[in-house]
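These notes are about the structure you will find just below.
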Amino acid sequence: MHILIVEDEPRAASQLQRMLADCDFEYQLLDIIDTVEDTVLWFQNNDAPDLVFMDIQLADGLSFEVFQKVEVDAPIIFTTAFDQYAIQAFKVNSVDYLLKPIRKEDLDIALNKFTKSTKPVSLDADMLKQLLGRMQKPKTRSGILVKEGSGFIQVDIHQFHYFYSEDSMTFGITKDKRFIIEETIDQLVSTLDDDRFYKINRGQIMGKSSILKIDPYFNHRVKLSVQNPRDLEFIVSRQKTTEFKAWMNG
């Protein structure tokens, strides 16, 4: 059994490999890919795998964009931090979907469903268009629930300079405070206004109005000077640099 993993978070990819090793499932891992662009190139230059595990939010966009650029003649098990409603509306050639953090019992069920499936692989272009529309719909979130003492308060979205993850926790930074947010970076970015916030790398979301300066950085990346940096570095990933500059110019 030849499988391909499309995942932009190394920790998540490693966890999936460990869980697969614990399952009664013999396989050979062909590759781990972390961007839409590289996934398209892989399918253009390789025979289709027997099964693909594919995250929805990749380093340079939504994985569904892959299907618009290349034919994928393989069953997909999507791994996602997004809300269930979007995935339930879309089956494409998907065998199943797994919500992050992935549980072993859910993985066992998905693999069992895959091994017993006799349905031919097919791509429903209309459903793809419908799902992409849902995923890219305007986002009008006005506030974020954050921890405050033993309870929670809501902070206006306009107060946040940026968000980042550290030690499996997500933090939101305002002018003078750091708040704990009970959402992953991927869950959070899926609800934020794309015109105001941009996921510059796997673990940081930056507010446009909080960026003070953009400087060149090695390996074709850029480094940001921001408000209230808190001794953090803000490096835009190489895959996102061109798109980030276009976003800043918009």
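Quick note: the coordinates plus some simple rules give every number you see, no bench work behind them. A quick note: this is a predicted structure, and the numbers were derived from the prediction, not measured. Backbone-built Cβ (ideal geometry, glycine too); neighbour counts: all protein chains shown.
Things worth noting here:
- Given their separation in residues at 0.36 nm each and the Cα-Cα distance between them, Lys177 and Asp215 gain 11.1 nm when the chain is fully extended.
- Set Lys69/Lys116; Lys177/Lys240; Lys100/Lys175; Lys69/Lys113; Lys69/Lys199 screened for pairs whose C-alpha atoms are more than 25 Å apart: Lys69/Lys116; Lys177/Lys240; Lys100/Lys175; Lys69/Lys113
- Förster radius 22 Å - calculated FRET efficiency between Thr115 and Glu71 (Cβ-Cβ, nearest 0.05): 0.40
- Summarising the strand pairing of the chain, around 65 percent of its internal DSSP beta bridges are antiparallel.
- Interchain or long-range residues, amide H under 5 Å from Thr79's placed H: Met54, Asp55, Ile56, Leu98
- When the chain is described by a simple charge dipole with +1 on each Lys and Arg Cβ and -1 on each Asp and Glu Cβ, the residue from Val36, Pro101, Gln227 located farthest towards its positive end is Gln227.
- Peptide packing for 108-116, 66-74 was compared via the average number of neighbouring C-beta atoms within 10 Å per residue; ordered from the highest value, the list is 66-74, 108-116.
- With one equal scatterer per alpha carbon and no solvent term, the Debye-computed log10 I(q)/I(0) for region 143-248 at 0.23, 0.24, 0.25 1/Å reads -1.36, -1.47, -1.58.
- Summary value for the chain: 12 percent relative contact order, contacts being C-alpha pairs under 8 angstrom separated by 6+ residues.
- Over 21 Å [Cα-Cα, the chain], rounded percent: 61 percent
- Sorting 168-174, 5-11 by their mean Cβ neighbour count within 10 Å, with the most densely packed peptide first, gives 5-11, 168-174.
- Between 0 and 90°, nearest 10: helix 36-45 axis offset from the chain longest Cα axis: 30 degrees
- Between region 158-200 and region 217-246, the Cα center-to-center distance that results, in Å: 16 Å
- The chain - mean residue ellipticity at 222 nm from DSSP helices (-39,500 (n - 2.57) per run, n ≥ 4, rounded to 500): -8000 deg cm²/dmol
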